[in-house]
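A quick write-up on the structure given underneath.
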Amino acid sequence: MKVLISTDIEGVAGVYHHEQARQGNPEYERARVLMAQEANAAIAGAFDAGATEVLVNDSHGGFRNMPPDVLDARARVVQGKPRYLSMVAGVEEGVDALCMVGYHSRAQGRGILAHTINSFAFASISLGNQELGEAGLYGALAGEYGVPVVMASGDDVFISENQALFPHASFVQTKKATGFNSGVSLSPEQSRQAIRAGVIEGLAARAHARPLVFQGPQVVTLRTQSPMMADLFCQWPSFERVDGVTLRFSADSVESAVRMLNCCSAMSSMLR
Ligand SMILES: [Zn+2]
């Protein structure tokens with residue numbers, strides 16, 4: 001059994017503030033180790049559950065947060081950007097299951113550090129009529145590769161947003177959100193124990209888990225954080241402007257849709 005673990009930082013126990021998630025802050029140097037230790041808990045759980053191979057994907061910001069020498073030496077590590085499959089790079093190697101560790105809820109919601117891909121650029125992203133956060137988008141991308149999400153960890157808002165998308169996954173609550181920058185967290189130690197157990201449980205039940213599938217071409221509706229941002233994205237000829245902050249585009253697949261969104265995210269840096 002080959003397992004892919006995708007790790008973000010905003011859902012990690014003890015993380016509440018952007019200073020913990022951005023390079024250049026002393027608090028980030030601590031938080032990136034907390035992130036790596038939650039990844040290690042998931043790696044340990046995967047091997048406990050019988051994995052023969054584990055890939056761990058560093059999926060936050062510049063995609064090179066977790067110090068490689070802190071990570072469990074049994075796993076191979078996917079780091080650096082840009083890369084086509086972004087938060088689920090590694091899925092193309094033919095994995096049996098995907099675990100999402102340290103994830104967060106979507107933009108404009110009430111979760112801790114809630115955002116969708118890029119907090120400066122995107123206010124909401126929908127495939128068809130379904131609004132999705134990062135777990136939904138990347139769960140659907142993994143689904144195109146036939147890979148189910150079997151475990152996910154983050155705050156209570158993240159869990160309530162995503163449980164219906166992954167009904168057979170094992171969810172681990174690391175924190176309860178009380179605001180964008182506040183909440184009540186498990187200790188890092190308790191969080192790691194829960195993540196390890198959650199991965200074991202999720203992998204044990206993987207026969208019941210189904211890939212999240214959005215069939216065929218996708219119509220993506222994107223709301224931007226400002227009309228100026230929508231002006232910029234609509235330089236792309238196939239984008240249709242719906243209103244000041246809403247635009248729509250079609251993509252052949254979820255993978256194409258996610259790649260187009262990540263191109264928009266990169267373009268947005270010209271307006272910073
Ligand atoms: Zn992140």
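The values are calculated or read from the model by the stated rules, or taken from the named source; none is laboratory data. Computed from a predicted model, the values in this text were never measured in an experiment. Reconstructed Cβ throughout: ideal geometry from the backbone, glycine too, with neighbour counts over all protein chains shown. Please note that ligands, DNA and RNA were not included when accessible areas were found on the heavy atoms of the full protein model with its side chains. Shrake-Rupley method; radii C 1.70, N 1.55, O 1.52, S 1.80 Å.
For segment 51-75, the tally of residues that are more than 13 Å from the ligand (Cβ to nearest atom) and open to solvent by 40 Å² or more (accessible area, probe 1.4 Å) stands at 7. Among the residues making up segment 178-216, those that are farther than 23 Å from V33 by Cβ and touching a helix residue (DSSP H, G or I) at 6+ places or on another chain (Cβ under 6 Å) are I200, P211, L212, V213, F214. Residues E144, E161: which one is within 16 Å of the ligand (Cβ to nearest atom) and either farther than 24 Å from L71 by Cα or open to solvent by less than 10 Å² (accessible area, probe 1.4 Å) (or both)? Within the list E144, E161, the selection yields E161. Hey, any hits in segment 138-154 for a residue that's over 23 Å from A204 (Cα atoms), in contact with a Leu (Cβ under 9 Å, 6 or more places away or on another chain) and modelled with pLDDT of 95 or more? Taking every residue of segment 138-154 in turn, none turns out to be over 23 Å from A204 (Cα atoms), in contact with a Leu (Cβ under 9 Å, 6 or more places away or on another chain) and modelled with pLDDT of 95 or more. Count of segment 1-30 residues, restricted to those that are touching a strand residue (DSSP E or B) at 6+ places or on another chain (Cβ under 6 Å), surrounded by fewer than 20 Cβ atoms within 10 Å (Cβ to Cβ) and not in a loop (DSSP other than H, G, I, E, B), is 1.
Counting the residues of segment 169-198 that are among the β-branched types (V, I, T) and crowded, with 20+ Cβ neighbours inside 10 Å gives 3. Within segment 78-94, the set of residues being open to solvent by 30 Å² or more (accessible area, probe 1.4 Å) and part of a loop (DSSP other than H, G, I, E, B) comprises Q79, K81, P82, R83, Y84, G94.
Restricting the first member to segment 20-49 and to residues that are of a type in the set (F, W, Y), and the second to residues that are open to solvent by less than 50 Å² (accessible area, probe 1.4 Å), the beta-carbon pairs closer than 9 Å and six or more apart or on different chains are Y28/I9; Y28/Q20; Y28/A21; Y28/N65; F47/V3; F47/V54; F47/D72; F47/A75.
I need the full set of residues from segment 95-107 which are part of a loop (DSSP other than H, G, I, E, B) and either within 16 Å of the ligand (Cβ to nearest atom) or crowded, with 19+ Cβ neighbours inside 10 Å (or both), in order please. Scanning segment 95-107 gives V95, G102, Y103, H104, S105, R106, A107. Restricting attention to segment 109-137, the residues that are over 21 Å from A257 (Cα atoms) and either more than 16 Å from the ligand (Cβ to nearest atom) or not assigned by TED's automatic domain parsing to the domain that holds L165 (or both) add up to 1.
Just so you know, in segment 31-40 the residues that are open to solvent by less than 10 Å² (accessible area, probe 1.4 Å) and in contact with a strand residue (DSSP E or B) (Cβ under 9 Å, 6 or more places away or on another chain) include one that is nearest to the ligand (Cβ to nearest atom), and it is M35. Among the residues of segment 237-271, those that are of a type in the set (K, R) and either under 23 Å from the mean Cα position of the chain (by Cα) or buried (at least 17 other Cβ atoms within 10 Å of the Cβ) (or both) comprise R248, R259. Within segment 219-272, the set of residues being aromatic (F, W, Y), within 25 Å of A142 (Cα to Cα) and part of a helix (DSSP H, G or I) is empty.
Is it the case that segment 5-17 has a residue that's on the phi > 0 side of the Ramachandran plot and in contact (Cβ under 8 Å) with a residue 24 or more places away in the chain? Yes; the residues of segment 5-17 include at least one that is on the phi > 0 side of the Ramachandran plot and in contact (Cβ under 8 Å) with a residue 24 or more places away in the chain.
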